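See below for the structure under consideration.
Derivation of every value follows stated rules applied to the coordinates shown; laboratory data play no part. As the structure is a prediction and not an experimental result, all values here were calculated from the model. Backbone-built Cβ (ideal geometry, glycine too); neighbour counts: all protein chains shown.
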Amino acid sequence: SQKIEQNSEALNIQEGKTATLTCNYTNYSPAYLQWYRQDPGRGPVFLLLIRENEKEKRKERLKVTFDTTLKQSLFHITASQPADSATYLCAHQGQTGANNLFFGTGTRLTVIP
Amino acid sequence: GAVVSQHPSRVICKSGTSVKIECRSLDFQATTMFWYRQFPKQSLMLMATSNEGSKATYEQGVEKDKFLINHASLTLSTLTVTSAHPEDSSFYICSARGRGSNNSPLHFGNGTRLTVT
């Protein structure tokens, strides 16, 4: 079965630096990947979606890449701020054409002032 | 736009009782709703997918007789945890998707913290 893994359970970085989070998947290549942010005790909030035919997607200080050869997506936050501290989750659909969404294990990011 | 409201945010119940959690899409029609469960420091585990007017599709290992899902309208889905036990204590989160493609983002409620004593 498909597994989706995020390499670090936790990541601490200094304010102003770029945070890079990794999402790896096994088996089949999803048609797209989504990234969400989750704050403690809250539901996830959608950030970005990237399709398999897109190499890179940007939104303000966020950048996502998708490498189907490496079976990996990278999520970057540039000029990080303490307010960026949260858990970041990657997600993909279950199978081609399926309408459900499965989540990775998440990476808890802490930006230190 | 695309607000999902989930109630209650917290509930404490005694073992053996049933608890109902509501999930409402406030400003859009949710053709599909999803129920997730999250244990501390773990990711979201999909429990079931429900389409309006039809029976929910449960993920492997999720007891459909224990976790009753009703999606009676395009704006409301409910999850009832029947005969709750302490091991059912968890964070339950619903999400909804409106009309459109299957890869459109999900909109999540803020979750329900269930504690069974």
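Quick look at the numbers
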| quantity | calculated |
| --- | --- |
| When the convex hull of its Cα atoms is projected in every direction, mean area for the stretch A:1-89 (nm²) | 6.0 |
| Between the stretch B:38-75 and the stretch A:30-84, the Cα center-to-center distance that results, in Å | 26 |
| Nonlocal Lys pairs with alpha-carbon distance under 20 Å, chain A (8 or more apart, or different chains) | 8 |
| Ranked by how many other beta carbons lie within 10 Å on average, peptides A:15-27, B:43-55 from highest | B:43-55, A:15-27 |
| Nearest-0.05 FRET efficiency for A:LYS3 and B:GLU87, computed from C-beta distance (R0 25 Å) | 0.55 |
| Proximal lysines relative to B:LYS55, as straight alpha-carbon distance under 20 Å, when same-chain residues fewer than 8 apart are discounted | B:LYS20, B:LYS64, B:LYS66 |
| Per-selection metrics, chain B (Cα): Rg and Dmax in Å | 13.4, 41 |
